[in-house]
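First up is the structure itself, then whatever we jot down about it.
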Amino acid sequence: MTEVLEGVYQLLTPFPQYTIEEAQKLRKELEEKPRVTKGLPYVMPYLIKRGGETVLIDCGWNTDDAYKALEDGMREYGSHPSEITKLVITHVHPDHYGMAGKLKQLSSCEVVIHERDAEVIKDRYLAPKQLTAGMEKFMEMHGVPEMSAPSMSQGSMGMLDKVAAVPPDRSVRGGEVVKAGDFEFELIWTPGHSPGHLCIYEPNRKILFTGDHILPTITPNVSIHAQTHGSPLGDYMRSLDVVENLDADYVLPAHEFDVKVLKQRITEIHDHHKARLDEMLRCVDKGGSTAWDVAGRVQWATGKLEDFEPWMQRAAVGETLAHLEYMFELGQLAKVMRGEHQYWIPA
Ligand SMILES: [Zn+2]
Ligand SMILES: [Zn+2]
């Protein structure tokens, strides 16, 4: 737990597979020497205490350990989860939003979520069966062999018991301001990692909360799945432009550790995707390839596609599709249906 500046505090809640102590230890170690961990160890909510308001940006998974870590962290700054007045969610992924329902019950806080993310709460958390069926068909269409499609599509359903979903009290579009005393937090719509992702900017103190949009060493997963509309990677690249020129002394992400220089980090992320796009384009056959074909040819930091767990294969296909769709948007690829399968062809 760290004081960023007076009234703004960085908290930490562990992921389910880590204890509080392990997560806190990793927070220190990673900043000194960044490395790939076995899944993310923690998420960093931010507490803002100002002018009688107690604002929390993101929370954590709905587990006892994560709640305890939040409670302990808030207590350190003379506060308690029951005193939260506003809960601003950067996006509804379970590590950021999981505890929202519990906190709402405890504090009757105003829950603020972007409308595009609010839209997926029902499908994702309240009636996920249909989503699972849709995902199976979707994976088959993109060339995933039938053998692995059913188990793949159930991938992340095991996390449902760690999410207490709640609808927003205030559904936003970006451009709104959340006030806390003399702090004015501007909500900036940055779609890509999720359709309704929000970054939050305080222009007077030059603070930027980046959620999962910009992390110091990890490039956030940008993926296409059965619920996706349009081109998330195109959105993501445009969302990098949206925050690139903000004047920020504090760039505070939800994972890893603080970002040192915003502009430089954005350049690195651009370079990463440029290289990834080039690589994927080389993996598309002249006669056409499915997303599964391409995913099986590109390099993955974690090994070979065929050795991945089913949920990892699903993530890899989704990430591949985001790149292919972006190249379609740029006019570099065409797409065509052959029978039940979608093929990508160099344009
Ligand atoms: Zn996320
Ligand atoms: Zn996250």
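Observations on the model:
- Filtered residues of the range 280-316 (kept if part of a loop (DSSP other than H, G, I, E, B) and basic (Lys, Arg)): Lys286, Lys304
- Here the condition is being surrounded by fewer than 18 Cβ atoms within 10 Å (Cβ to Cβ) and touching a Gly at 6+ places or on another chain (Cβ under 7 Å); of Gly39, Gly51, it holds for Gly51 alone.
Here is a yes/no grid of residues against (1) open to solvent by 10 Å² or more (accessible area, probe 1.4 Å); (2) outside any loop (DSSP other than H, G, I, E, B):
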| position | (1), (2) |
| --- | --- |
| Tyr201 | yes, yes |
| Phe209 | no, yes |
| His213 | no, no |
| Ile218 | yes, no |
| His229 | yes, no |
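- Beta carbons closer than 8 Å, at least 6 apart along the sequence or on distinct chains, pair a first residue in the range 201-213 that is within 16 Å of Val55 (Cβ to Cβ) with a second that is away from ligand 2 (no atom under 16 Å from the Cβ) and in a loop (DSSP other than H, G, I, E, B) for Tyr201/Leu246; Tyr201/Ala248; Asn204/Asp182; Arg205/Asp249; Ile207/Ala248; Ile207/Asp249; Leu208/Leu246; Leu208/Ala248.
- Qualifying positions in the range 4-27 - open to solvent by 50 Å² or more (accessible area, probe 1.4 Å) and either under 20 Å from Thr219 (Cα atoms) or touching a helix residue (DSSP H, G or I) at 6+ places or on another chain (Cβ under 9 Å) (or both): Pro16, Thr19, Gln24
- Looking only at residues in the range 84-133 that are more than 21 Å from the chain's Cα centre (by Cα), closer than 23 Å to Leu11 by Cβ and open to solvent by 30 Å² or more (accessible area, probe 1.4 Å), the one that is nearest to ligand 1 (Cβ to nearest atom) is Lys104.
- The range 297-311 - residue that is touching a Ser or Thr at 6+ places or on another chain (Cβ under 9 Å) and open to solvent by less than 50 Å² (accessible area, probe 1.4 Å) and, of those, modelled with the lowest pLDDT: Pro310
- Test: residue in the range 51-69 that is touching a residue at least 12 places away in the same chain (Cβ under 8 Å), charged (D, E, K, R), on the phi < 0 side of the Ramachandran plot and not in a strand (DSSP E or B): yes
The values are calculated or read from the model by the stated rules, or taken from the named source; none is laboratory data. A quick note: this is a predicted structure, and the numbers were derived from the prediction, not measured. In this analysis, Cβ positions are derived from the backbone assuming ideal geometry, glycine residues included, and neighbour counts consider all displayed protein chains. Areas reflect the complete protein model, heavy atoms only, side chains present, ligands, DNA and RNA absent. Shrake-Rupley method; radii C 1.70, N 1.55, O 1.52, S 1.80 Å.
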